[in-house]
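The values are calculated or read from the model by the stated rules, or taken from the named source; none is laboratory data. Keep in mind it's a predicted model, so treat the numbers as computed, not measured. For neighbour counting, all protein chains shown are included, and Cβ atoms are generated from backbone atoms with ideal geometry for every residue, glycine included.
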Amino acid sequence: MQIFDCHRWLGGSIVPGISLSSATVLEELQRDDADRGVLLSAHAHMVDSLAGNRLLHATVEHSPRLYGCLVAHINRTESSVSAMREMMPSRRFLGVAVLGRSLDEPVDEAAAHEILNAYRRYTKPIFLAAYNRASVETGLAIARKYPMLRVVLLGMGGQDWQTAIRAAHSATNIVLETSGALDRSKLLQAVETLGAHRIVFGSGFPGTCLPAALGMLQDAALSDEARRRILWDNAIRLFDLDT
């Protein structure tokens with residue numbers, strides 16, 4: 001089956017280096033047997049929103065297998081909005097991740113308002129880190145406030161994945177991304193509750209290697225059709241891409 005990894009981090013160091021080259025990223029993607037990948041810039045999250053997203057753009061712009069998810073930081077609103085205006089019109093950028101200081105902390109909804117309000121014109125998905133109950137609840141509140149946008153919960157609630165499934169059940173514009181807790185039970189319950197069409201595959205690389213994330217999906221008691229949707233079809237539809 002084809003694999004679309006919707007959640008991979010570019011870099012991880014505050015110093016840009018060879019790990020940011022498109023050749024290196026493609027080698028990592030090929031090593032993991034993934035066909036396409038969506039990258040988020042660690043540099044944009046940790047240091048400089050505008051510079052980090054520009055580095056990401058340079059990495060993905062000439063590779064048909066790589067896409068970017070622009071990282072907007074709620075404590076760097078001005079540079080985040082500038083990055084959106086500069087790069088979101090590009091077809092190489094498929095969405096925006098609205099993040100705070102840590103992936104484990106819920107995004108402050110009030111602080112994120114200016115970014116989200118400026119983003120509505122692009123009609124592309126919002127990515128939110130959701131590795132615990134509090135973050136899922138914030139994601140649900142944002143999904144309800146912006147029903148015209150699709151909200152992807154990265155990490156699927158972590159150990160609180162049941163909370164994430166309930167949130168997606170109550171807000172139909174929420175999509176769950178499979179990284180987080182390596183618990184195959186969450187996939188079966190999510191498919192039974194929501195349907196396979198509301199889930200996309202993501203590894204969270206390098207925090208979790210793709211083979212481990214893929215093994216969880218393969219070990220879950222799912223049909224081949226459900227696996228195909230999660231691994232490929234849903235991402236193509238979510239991001240409005242031509243296969």
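Structure notes:
- The requirement of being among the aromatic types (Phe, Trp, Tyr) and buried (at least 18 other Cβ atoms within 10 Å of the Cβ) is fulfilled somewhere in the range 104-120, by at least one residue.
- Residue check for residue 217: crowded, with 19+ Cβ neighbours inside 10 Å, closer than 30 Å to residue 91 by Cβ and within 17 Å of the chain's Cα centre (by Cα): no
- Residue check for residue 143: over 26 Å from residue 36 (Cα atoms) and not in a loop (DSSP other than H, G, I, E, B): yes
- Residue satisfying all of: in the range 165-214; basic (Lys, Arg) and touching a Leu at 6+ places or on another chain (Cβ under 8 Å); surrounded by the most Cβ atoms within 10 Å (Cβ to Cβ) among these: 198
- Residue satisfying all of: in the range 88-114; at pLDDT below 95 and outside any loop (DSSP other than H, G, I, E, B); nearest to residue 135 (Cα to Cα) among these: 109
- Here residue 212 does not qualify as in contact with a helix residue (DSSP H, G or I) (Cβ under 7 Å, 6 or more places away or on another chain), at pLDDT below 95 and more than 17 Å from residue 38 (Cβ to Cβ).
- With respect to the stated conditions, residue 99 fails to be among the aliphatic types (A, V, I, L, M), surrounded by fewer than 24 Cβ atoms within 10 Å (Cβ to Cβ) and either in contact with a Cys (Cβ under 7 Å, 6 or more places away or on another chain) or under 15 Å from residue 69 (Cβ atoms) (or both).
- Selection from the range 71-87 of residues that are in contact (Cβ under 8 Å) with a residue 40 or more places away in the chain and either surrounded by fewer than 24 Cβ atoms within 10 Å (Cβ to Cβ) or assigned to a helix (DSSP H, G or I) (or both): 74
- Every listed requirement among (1) part of a loop (DSSP other than H, G, I, E, B); (2) in contact with a His (Cβ under 8 Å, 6 or more places away or on another chain) is met by residue 193 save one, (1).
- All conditions in (1) within 14 Å of the chain's Cα centre (by Cα); (2) over 20 Å from residue 102 (Cα atoms) hold for residue 155, with the sole exception of (2).
- The conditions of being free of Cβ contacts under 8 Å to residues at least 40 places away in the same chain and under 20 Å from residue 166 (Cα atoms) are not met by residue 200.
- Scanning the range 133-164 for residues that are surrounded by 22 or more Cβ atoms within 10 Å (Cβ to Cβ) and aromatic (Phe, Trp, Tyr) returns a single hit, 161.
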